[in-house]
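Rule-based calculations on the coordinates, nothing more; no lab input. Please read all numbers here as calculations on a predicted model, not as lab measurements. Every residue, glycine as well, gets a Cβ built from its backbone with ideal geometry; the counts of neighbours run over all protein chains shown.
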Amino acid sequence: MLEQLARLGRVGISILAHIGRGNILLFHILGGIGDIVVRPRLLIQQLYSVGVLSMLIISVSGTFVGMVLALQGYYTLSQFGAEQSLGVVVAASLVRELGPVVAALLFAGRAGSALTAEIGLMKATEQLSGLEMMAVDPIRRILTPRFLAGVISMPLLAALFSALGIMGGYFVGVGLLGVDDGAFWSQMQSKIDLHEDIYNGVIKSFVFGWICSWIALFQGYDAVPTSEGVSRATTRTVVHSSLAVLGIDFILTALMFGG
Amino acid sequence: MTSDTEPLVKIRGLRFFRGERAIFDGVDIDITRGSITAIMGPSGTGKTTLLKLISGQLRPQGGTIEVNGQNIHQLSRRALYRLRIRMGMLFQSGALLTDVSVFDNVAYPLQEHAHLPPSMIRKLVMLKLEAVGLRGARDLMPSALSGGMARRVALARAIALDPMMIMYDEPFTGQDPISLGVLVQLIRALNDASRLTSIIVSHDVQETTEIADYIYVISDGRVIDHGPPDAMMHSDAPWTGQFMRGLANGPVPFHYPAPGLEQDLLGA
Ligand SMILES: Nc1ncnc2c1ncn2[C@@H]1O[C@H](COP(=O)(O)OP(=O)(O)O)[C@@H](O)[C@H]1O
Ligand SMILES: [Mg+2]
């Protein structure tokens, strides 16, 4: 009994220590933002590898998700004779929910895992210590630009996802299922609200970008510096990011649209 | 501030623990200016850890480390970084940045700290690469280098800012005989040419005794012997003798503690 309590206590302490280290790292990362102003090239390189290189998977997935939404939405709506509202259904689901969430999940799998592996390998091959010894702060120089790139890219990637999703929905709904072209767009235009829908979606994806980048960088930086340690850390990044995105999405949705 | 006869690195009563385990438990070491001092001991005794303590990457639980008269672990981050500019370190793996070329690796510390025009940096990089015999490899990526070449590039990078001391972590391990010879000469030449202070951490007895001016042997968290190489080779102290002459039998057992062999072979 006492034994089990002690074990529980140890697990609790190690989780708290983990969270503590994560927060310390985050503060340290944020402390380096000033350096980025002096060296914008560091950020631009990362915007490319974190953001631009994720565009393909985001575009393809967005298109397919939009096409499926249109198919599913059409059959449900047609039961109420409301097929002409298809544009609203597709756009609202994407902008409010699926755009930010699915883009974040894909981001965690594509860019997050790559970030963890990169930082973990730099640690394992002593490149981070090497920078320390050259009197260069590896957190500010290596982690901060990657974090910022993630936070900036995420809302843009989510917007890309939603935009292509709407195009996919348009192609299926109007092109294949015969929904009226004008109704598709005009209903969307009148029912989608800038504040209620679009701003909230952007806030969500900003939060997700923050969380996913933070988790990915922390896992890499905290990884056991061996090949096994790095591979475990990469897996943890994807699992933790996905759970965090889904959990936080519920809370944010309740706060934004629940009232 | 500090006189020339003071040791460059002065370690007193150093204690460092990993969890329950004492890696160092009361270690005193002096590194004389301008000399090559070797710190030897079997794998896992904490030689790499010692270098990380000297460079302030790790913090000890007790004792002091002074480098050039400054207590490393009481410096502000800024002061520590300023001091590190004057300390080079050659990592066991080389620790080159894998995503930039040999040239850019050597240029990196100069670009960060030297505030020189690009043409000047280029000249300095060429000189440093020439010193390690790899000027021709400047456009290669680190992945295209052999282990020995990578370590020489790392050496060029470590001396880029003309430091007052260099720490070598196992420089001889995993080198073929030719690059080994080159490296030994290089370390000696660098030390003598630029009044550098060198610390070599190694378990390779032969190469180390060949090059070192003074040797410390550590084991089980303590300095168990120290002296010039000749004296160490002919030491009567049983442990030192065993380690320096590479014998399996002696105070340090070759076998990890185990039950009798018959028991393991014949037992259930
Ligand atoms: N990051 C670490 N976490 C826990 N233990 C470590 C770590 N680094 C090294 N050790 C342990 O500390 C001891 C000394 O390691 P090290 O300094 O690398 O030895 P050496 O360089 O002499 O071979 C080893 O037993 C090693 O397992
Ligand atoms: Mg070592």
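Numbers below:
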read-out	value
Peptide-level mean, for B:50-57, of C-beta atoms on other protein chains within 10 Å	2
Surface/4 of the Cα convex hull for segment A:160-238, nm²	7.5
Stokes-Einstein diffusion coefficient of the protein assembly as shown, Kirkwood radius over Cα pairs, 37 °C, 0.692 mPa s, in µm²/s	122
Debye log10 I(q)/I(0) at q = 0.08, 0.12 Å⁻¹ for segment A:96-246, Cα point scatterers	-0.32, -0.59
Of B:Thr209, B:Thr98, B:Thr48, the one that fluctuates the most in a GNM where chain B has Cα springs shorter than 10 Å	B:Thr98
Protection proxy ranking, peptides B:34-46, A:88-100, A:134-146, average beta carbon neighbours within 10 Å, highest first	A:88-100, A:134-146, B:34-46
Helix-derived mean residue ellipticity, 222 nm - over the protein assembly as shown, DSSP H n ≥ 4, -39500 (n - 2.57), to 500	-17500 deg cm²/dmol
Rule-of-thumb Rg ratio for segment A:1-110 [Cα; 2.2 N^0.38 Å; N residues]	1.73
Percent RCO, i.e. relative contact order, over chain A, from Cα pairs under 8 Å lying at least 6 residues apart	32
Diffusion constant of segment B:1-107 at 10 °C, which comes from Stokes-Einstein with the Kirkwood Cα-pair radius and 1.306 mPa s, µm²/s	103
Cα gyration tensor, chain B - rounded (a/c under 1.5), prolate or oblate	prolate
P(r) of chain A over all Cα-Cα pairs, binned every 10 Å from zero, in whole percent	7, 26, 29, 19, 12, 6, 1, 0
Reachable aspartates and glutamates from A:Lys204, criterion Cα separation under 19 angstrom, eight or more residues apart if same chain	A:Glu97, A:Asp193, A:Glu196, A:Asp249
Lysines with Cα under 28 Å of B:Lys52, excluding same-chain neighbours fewer than 8 positions away	A:Lys123, B:Lys10, B:Lys128
